[in-house]
1. With respect to I13, is the statement that it is crowded, with 16+ Cβ neighbours inside 10 Å and within 24 Å of F97 (Cβ to Cβ) true?
2. Any residue at all in region 77-97 that is at positive phi, among the small types (G, A, S), in contact with a helix residue (DSSP H, G or I) (Cβ under 8 Å, 6 or more places away or on another chain) and assigned to a strand (DSSP E or B)?
3. Can you tell me which residue among L79, L45 is at pLDDT below 95 and touching a Gly at 6+ places or on another chain (Cβ under 7 Å)?
4. If you take the residues of region 46-82 that are surrounded by fewer than 19 Cβ atoms within 10 Å (Cβ to Cβ) and hydrophobic (A, V, I, L, M, F, W, C), which of them is farthest from R4 (Cα to Cα)?
Amino acid sequence: MNDREKMTELVKILDAKKARDIVVVEVEQSTIIASYFVIATGGSLTQLGALSDEAQDVMAQKGEPAVKVEGKGGGGWILIDFGGVILHLFTAQMREFYDLERLWSDSPTVDISALLTEN
């Protein structure tokens, strides 16, 4: 899978599991660490865990296992590196605190409306 295909698959996984406020930031012109950041909010720590588990399971089944996972200890955020695409999962409070969209505001967002079941 190329990075765009990984990003697309992750958005679909998150949407199917009812993640909220899914945003994709194209960061490849700003950093060498990734092409895309996929950012989403879960309604609880339990949902964050479920989103993380589902993303890792489905991507591994597609031959794209996670390279690294951080933050799974219940702190309100989880980062999963899929090599070229980094998934950031937050509770609402932690997403507001870290405010990645503001930090990366010089990078364009990707229109993912066609990928979402509930636009």
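The values are calculated or read from the model by the stated rules, or taken from the named source; none is laboratory data. All of these numbers come straight from a predicted model, not from anything done at the bench. Because the Cβ atoms are built from the backbone with ideal geometry, glycine has one as well, and the counts that use them run over all protein chains shown.
1. Numbers: crowded, with 16+ Cβ neighbours inside 10 Å: yes; within 24 Å of F97 (Cβ to Cβ): no.
Answer is no for this residue.
2. Within region 77-97 (the criterion being at positive phi, among the small types (G, A, S), in contact with a helix residue (DSSP H, G or I) (Cβ under 8 Å, 6 or more places away or on another chain) and assigned to a strand (DSSP E or B)), the answer is yes, since at least one residue qualifies.
3. Details: L79 fails: at pLDDT below 95.
Result: L45 is the single residue among L79, L45 that is at pLDDT below 95 and touching a Gly at 6+ places or on another chain (Cβ under 7 Å).
4. Out of the qualifying residues, it is A50.
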